[in-house]
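Participant: Here it is: the structure, laid out below.
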Amino acid sequence: MRIIGHIPHPRLHVTVFKWDERLAVKVARDLLELTWKFRDGQFERFEDLQQALDQDFFREAERLLDTMAALRHRISATEAREDLPDLL
């Protein structure tokens with residue numbers, strides 16, 4: 001798998017990968033990332049995929065990342081409380 005390009009976005013890091021004839025898009029923010037993989041022939045070129053990723057796609061990706069961040073925060077908060085020493 002190799003990186004074939006980046007798509008500029010003000011709040012997200014968007015990377016496009018190619019392996020064999022398939023393309024994948026990784027959208028990352030902070031320590032979270034989402035990946036979409038596309039079958040052979042769905043998008044032939046980087047430019048075709050770039051045109052398909054519109055504002056609605058990125059808005060939904062940000063919503064998913066917000067949900068993931070909230071879940072991570074909830075899990076982290078639970079783990080932190082369990083790690084506190086018992087005080088008498």
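What follows draws every value from the coordinates through simple rules; no lab data is involved. Every value quoted in this text rests on a predicted model; they were computed, and no experiment measured them. Virtual Cβ from ideal backbone geometry, glycine too; neighbours counted across all protein chains shown.
Participant: Using the Cα centre of the chain as origin and beta-carbon charges of +1 (Lys, Arg) and -1 (Asp, Glu), tell me which of H13, F46, F58 is placed farthest towards the positive end of the dipole.
Facilitator: F46
Participant: Just rank H73, H9, fewest to most, by other beta-carbon atoms within 10 angstrom.
Facilitator: On the way: H73 10, H9 14.
The fewest-first ordering by Cβ neighbours comes to H73, H9.
Participant: Got a sec? Which residues in segment 11-35 would a label at A69 touch, if it sits 7 Å along Cα→Cβ and we count backbone N under 20 Å?
Facilitator: 11-15, 26-35
Participant: Hey, what's the per residue convex hull volume over the C-alpha atoms of the chain, in cubic angstrom?
Facilitator: Values: hull volume 10.1 nm³, N = 88.
Enclosed volume per residue, from the Cα hull, is 115 Å³.
Participant: To test your reading of the geometry: what angle, between 0 and 90 degrees and rounded to tens, separates the Cα axis of helix 55-83 from the longest principal axis of the chain?
Facilitator: 20 degrees
Participant: Could you derive backbone 3J(HN,Hα) for segment 45-51 from the dihedral phi with the Karplus parameters 6.51, -1.76 and 1.60 (θ = phi - 60°), listing whole Hz in sequence and x where the residue is Gly or Pro?
Facilitator: Here the 3J(HN,Hα) series is 9, 3, 4, 5, 5, 4, 5 Hz.
Participant: Given a cut-off of under 8 Å on Cα pairs at least six residues apart, what relative contact order in percent is computed for the chain?
Facilitator: Details: 93 pairs, mean separation 15.3, N = 88.
The value is 17 percent.
Participant: Taking the Cα centre of segment 2-83 as origin, work out the dipole magnitude from +1 charges on Lys and Arg Cβ and -1 charges on Asp and Glu Cβ, in debye rounded to 20. Display every interim value, and only then the final one.
Facilitator: Details: 14 positive and 16 negative charges, 20 e Å.
Using Cβ point charges on Lys, Arg, Asp and Glu, segment 2-83 gives about 100 debye.
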